[in-house]
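Chemist: Before I ask anything, let me first share the structure, which is written out below as structure tokens.
The values are calculated or read from the model by the stated rules, or taken from the named source; none is laboratory data. Just so it is clear, the structure is predicted and the values come from calculations on it, not from any experiment. In this analysis, Cβ positions are derived from the backbone assuming ideal geometry, glycine residues included, and neighbour counts consider all displayed protein chains. SASA here: full protein model, heavy atoms, side chains in, ligands and nucleic acids out. Shrake-Rupley method; radii C 1.70, N 1.55, O 1.52, S 1.80 Å.
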Amino acid sequence: MSRARPGPADLLRFAALTLVLACAAPAYASWQPGGNLIDSLGHGTRLHPVAEASVVRPESDSSCLVLVVSRDPNCCCWSKLQRLSASGSVQDIPLPSGAVLRDAVADGQGSVLALLGCTDLRLLKILADGSVAPGWPGSGVAVGSLGSGGTLRMMPDGAGGAYVTWDIFNPSPFPGVSTAIMVQHVSGSGAAAVAGGAVAVSPVATVNGTRGLDMVPDGGGGAILVFEDGRNSATSGTDIFAQRVDAALTLLWGGGGAAVCTAPLAQLGPVALGDGAGGALVLWRDRRSGPGESLFAARLGPDGLPVAGWAAGGVSVRPGTALHDLHLVGAGAPPSGGAGAIVSSQDTPYGGAAHLHLDRLHADGRVDTLWHPAVIQSALLSSGLVPDGSGGAFLSWLDWPSGMLLALRIGPDGIAAPGWDPDGVRVDADRDPGPGGYVFTLGPGLASTTPGRAFAVFDQQVHPWCGISEVCYESYTYAQYLVADGIVASLASLISADAAAGRARLEWWVSSQGSVTVERRQEQTGWTAMVQAMPDGAGRVTFVDLAVAAGARYGYRLAIAQAGGVIYAGEAWVEVPARAALALPGARPNPAGDDLTVWFSLPDDAPARLELFDLLGRRVVEREVGALGSGSHTVRLTAADGLGPGVYLVRLTRGARSLAARAVVTR
């Protein structure tokens, strides 16, 4: 799928996506292209715009909770709590006057548990009608003191209550300890397991200011916590430890917890997945092999010991350089760590572009070598992963350099599910910041409920140019709805947009069966109707604009007649190049796991030839491509072209000039 290339300012965009599964039938007409606006902050001026993002939590089969980010960079909280339904409606959930919202989860019984307070934490249960649950104090139940701690985690206990865990720096009860991991449990009736305080999971835990802390259910009403631990820092660096607690906060894996990994050098950033049987899968970044970081995993049983077949200290999942953004979801149906896991990770080689990897980790510790080695080389900074409920997963990432938010559903075999473009489906939409401005998109957070549907929630800051001495921006929170076949549930969504010398080409998907009007504008002009078009049998509208000037920037959108008026959708901007050059960026992704997509550009329509050779010098593919004309192009090669696993040389020849690039197919 071709990607729209935004203007120069838009290339500053960074993006992330939050997916939340839901199963209610979508009400397509209520969802707008690029997302429904669920919160906004008017035009403001600030030297340091907020760098956090709204997050979501699952609530029911047809709704989720949205914690809208505070626009105050000095605030440690969320600005509001909202309920978002599958129909696209948004409802504010009332909080006590002056309350500081730290987190919120659904209790699974129709109520919401809101964690309040900046340092002294309190938990409040809010019923569906907005009232406080009977037996709960109006100000909430005391959980504990966060003090100067940094990391905070909260999860429902499955019985109407919740667990809360956090790290606290320089805890007074433990002299000489830099950080302790604390945990509190509040039952569905509002009773705290430890009145007026909390329990230290491990009083010698010293994570030295890092953010390595995660918590998952143990499948029996308790919780499993995994964390970085520096008790052996003099000999082995930072280690990974775990602790299991029951509803009464009894420490089930000893006073010091269970050692997950105490290998040399540092183990960092653990994430966990409960196996439903009292144990958990744990994933982390590991520096024992150096240089760089590798991805390791371990599985603990209900006794805190490694499960049979798993090596002590974990198994290697994949090597890396600078790993980040780790995600771990169950591979079963319904998802459970007991059936293994799907793992996503981003690796940024020194001086290189970020790569997004997927791996299949079996319950017995094997890394599936038959798993489709999906590598997305355009991902940057952020990605998301949630189970799809059928053994696969929904994946999200930022496509670079187009700046689009994309999503993909992969099946249990690790390849794109039927109906999904392997290059991803666009979720967001272009926002025009005006001359000299740019758009900055923030995220992510993850949650899941039931199979086959997905919400997307993301924040966008539109920064118009307002002078060198200050930053002006308008901040918006959007939600979008995805369906199982990969089509964004909206009136229209952009599929592709590209420009070459002398032309611009755009393609949209529309849910309307009637005609639509394609409109165009330039930055200093208004919208003008260009043509009326009918969608084809697949709901696609294609428009080629030949009346474009070299070096100019154009915006396009669809005007769709609806009851009560006209709705404008699918806005996109393209920049027409002054003159394209002969170039061969090569294959993307590379390595490729299945089809090989070759990217190249031509200066004109003179004869040109694209060839693919194997390592023995045999020509596998030859294509005449000069007729494609000036501009950037792609050619997709498949097994039908004789393409098999191996290393290939791609050669582009035009006249006396030849360019070459290396490509790898690993299927």
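Chemist: How do the peptides 385-391, 237-243 rank, highest first, by the average count of neighbouring beta carbon atoms within 10 Å per residue?
Modeler: Ranked from most to least packed, the peptides come out as 237-243, 385-391.
Chemist: Hey, can you rank 514-524, 292-302, 274-284 by average C-beta count inside 10 Å, highest first?
Modeler: Going by the mean number of other Cβ atoms within 10 Å, highest first, we get 274-284, 292-302, 514-524.
Chemist: A follow-up question, please. Please list VAL132, VAL216 from largest to smallest accessible area, probe radius 1.4 Å, with all protein chains kept in place. Mind showing how you got there, number by number?
Modeler: Working: VAL132 60, VAL216 10 Å².
The ordering from most to least exposed comes out as VAL132, VAL216.
Chemist: Work out, step by step, the length gained on full extension between VAL566 and LEU546: first 0.36 nm times the residue separation, then minus their alpha carbon distance; give nm to one decimal.
Modeler: 4.6 nm
Chemist: Does the stretch 518-667 come out rounded, prolate or oblate by the C-alpha gyration tensor, with a ≥ b ≥ c the root eigenvalues, rounded set by a/c under 1.5 and, if not, prolate when a/b is larger than b/c and oblate if not?
Modeler: Values: a/c = 3.07, a/b = 1.88, b/c = 1.64.
Prolate.
Chemist: Here's something else I'd like to know. With a 1.4 Å probe and all protein chains kept in place, how do HIS362, HIS185 rank by accessible area, largest first?
Modeler: Solvent-accessible surface, decreasing: HIS362, HIS185.
Chemist: Amide H to amide H under 5 Å from ASN232: which residues, 5+ apart in sequence or cross-chain, H placed 1.01 Å off N in plane?
Modeler: Those qualifying (amide H under 5 Å, at least 5 residues apart or on another chain) are ASP239.
Chemist: Taking 0.36 nm per residue of sequence separation and subtracting the Cα-Cα distance, how much length would be gained by fully extending the chain between SER79 and THR666, in nm to one decimal?
Modeler: 206.6 nm
Chemist: What does the accessible area of GLU474 come to, in Å² to the nearest 10, when a probe of 1.4 Å is used?
Modeler: Here the residue's solvent-accessible area equals roughly 50 Å².
Chemist: Another question, then. How much of CYS77 can a 1.4 Å solvent probe reach, expressed as accessible area in Å² and rounded to 10?
Modeler: Ignoring ligands and nucleic acids, CYS77 comes out at about 20 Å².
Chemist: Give the accessible area for VAL199 in Å² (nearest 10); use a 1.4 Å probe, count only protein heavy atoms, and leave out ligands, DNA and RNA.
Modeler: Counting only protein heavy atoms, VAL199 exposes about 30 Å² to solvent.
Chemist: Using mean Cβ contacts within 10 Å as the protection proxy, how do 157-167, 136-146 order, highest first?
Modeler: Output ranking for 157-167, 136-146: 157-167, 136-146.
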